[in-house]
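Single-structure report; data block below.
Taken together, the values in this text are just the output of simple stated rules run on the coordinates, not laboratory data. Note that the coordinates shown come from a computational prediction; the quantities given were computed from them, not determined experimentally. In this analysis, Cβ positions are derived from the backbone assuming ideal geometry, glycine residues included, and neighbour counts consider all displayed protein chains.
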Amino acid sequence: MSDGGPTAARFFERLADGRLRCQLCPHACYLADGQVGLCGVRRSQAGRLELPFAGAVSALAVDPIEKKPLYHFLPGTKAFSVGYLGCNLHCPFCQNYHISQEFTVQPQRLSAAELVQAAIESGCPSLAHTYSEPLIHAEFVIEAMRLARLAGLKNILVSNGYANGPVMAAVYEYCDAINIDLKSWRTDWYASELGGDLATVKASIALAVQKRIHIEVTTLVIPGKTDDPAAIEAAARWLASLDPDIPWHLSAYRPMYRYTIAPTRLASLQSLVSLAGRQLRHVHGGNLASAI
Ligand code: SF4
């Protein structure tokens with residue numbers, strides 16, 4: 001074990017008034033000395049952007065790659081999976097809120113090299129950054145991906161896609177496969193409920209297609225929130241305009257964190273899968289055990 005290693009912040013700028021501005025995501029947090037960004041993990045300290053949670057690992061597990069979910073990349077294999085802490089969106093239905101929002105897990109510290117070594121020893125062909133939001137730890141993740149590629153591992157990200165274009169481009173340089181959450185097709189809902197914006201997520205998906213990264217997309221189907229057939233159809237049409245072979249996972253929701261809405265109805269999910277399937281070749285119903 002190590003102290004996490006000296007991961008230097010990369011995506012920020014110094015302002016004339018002494019504050020720092022984080023350039024990782026569209027929140028563009030202005031940080032006075034000692035302040036932490038909205039994601040809870042990037043901090044201004046003595047004129048430097050510090051990354052006190054770089055290499056702070058909340059979970060390590062060997063998962064079937066289909067659990068990411070990735071159904072069309074190295075199918076039937078296992079992915080060595082690592083989770084961190086924090087998120088730059090604040091979804092009230094987060095399925096991993098204990099590590100993304102509440103930091104109730106005591107992390108272990110690993111350097112990027114130690115993480116990759118653990119992945120190699122697992123015998124898995126891939127290393128997946130998942131569970132919480134990996135992009136807010138982009139500097140650490142990029143270093144781990146660089147080392148993993150040198151070691152012959154494939155690099156996987158499971159992400160909300162909520163980062164600025166230059167960050168996504170830097171991540172995609174080493175990324176082999178990504179699953180991005182397209183949480184809703186409603187711009188207003190992205191802003192009011194999640195604290196983000198749809199346009200940024202769409203840009204991250206489009207950039208992955210442009211750079212020929214294997215991409216699959218996931219949408220949690222929440223009754224009354226994200227299950228409008230017209231919105232599902234519009235999103236499917238947009239994805240198909242990028243590439244009709246993009247796999248889309250429509251996952252059943254179950255009540256979690258601050259949401260008490262009843263679980264997704266199986267018949268509703270199946271109907272939406274069928275609807276989206278008119279635009280896209282690979283639409284999968286997911287998390288069916290949670291449906292009612
Ligand atoms: S990554 Fe965090 S600190 Fe940086 S802009 Fe986004 S929320 Fe703010």
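Things worth noting here:
- Label-to-label distance, ARG212 versus GLU233, with points set 7 angstrom from Cα along the beta-carbon direction: 3.5 nm.
- 14 Å beta-carbon shell around PHE12, net charge (K/R +1, D/E -1): +3
- Highest-fluctuation residue, THR226, THR104, THR264 considered, GNM on the chain with Cα pairs under 10 Å: THR104
- Charge dipole (Cα centre; +1 on Lys/Arg Cβ, -1 on Asp/Glu Cβ; no other charges) of the stretch 103-159 amounts to roughly 120 debye.
- Computed about its Cα centre, the charge dipole of the stretch 143-231 is approximately 320 debye, with only Lys, Arg, Asp and Glu carrying charge at their Cβ.
- Gap separating the Cα centres of the stretch 111-160 and the stretch 37-106, nearest whole Å: 12 Å
- The GNM of the chain, with springs linking C-alpha atoms under 10 angstrom apart, assigns the highest mean-square fluctuation among ILE205, ILE120, ILE215 to ILE120.
- Where GluC sites (Glu not before Pro) in DSSP loops with at most 15 other Cβ within 10 Å are excluded, longest remaining stretch of the chain: 174-292
- For the pair GLU121 and ARG281 in one chain, pulling the backbone fully straight at 0.36 nm per residue adds 54.0 nm over the alpha carbon distance.
- Toward the positive end of the charge dipole of the stretch 56-290, with +1 on the Cβ of Lys and Arg and -1 on the Cβ of Asp and Glu, the farthest Cα among HIS129, ALA151, ALA267 is that of ALA267.
- Cα centre as origin, Lys/Arg/Asp/Glu Cβ charges: the stretch 56-290 dipole, Debye: 340 debye
- Net charge of Cβ neighbours under 13 Å - reference GLY86; Lys, Arg +1; Asp, Glu -1: 0
- Summed residue charge, Cβ within 11 Å of TYR131's Cβ, Lys/Arg positive, Asp/Glu negative: 0
- Rh by Kirkwood over Cα pairs, then Stokes-Einstein D for the stretch 56-290 at 0.890 mPa s and 25 °C, µm²/s: 137 µm²/s
- Crossing angle, helix 266-276 versus the chain [Cα axis fit, 0-90 degrees, rounded to tens]: 90 degrees
- Farthest toward positive dipole pole in the chain [+1 Lys/Arg, -1 Asp/Glu at C-beta], among ALA235, TYR84, LEU110: ALA235
- Separation of the VAL105 and SER241 label points, Cα + 7 Å toward Cβ, nm: 3.8 nm
- For the stretch 1-143, the spread of Cα positions along each principal axis, largest first, Å: 53, 34, 27
- Cα long-axis angle, helix 229-242 against the chain (0 to 90 degrees, to the nearest 10): 60 degrees
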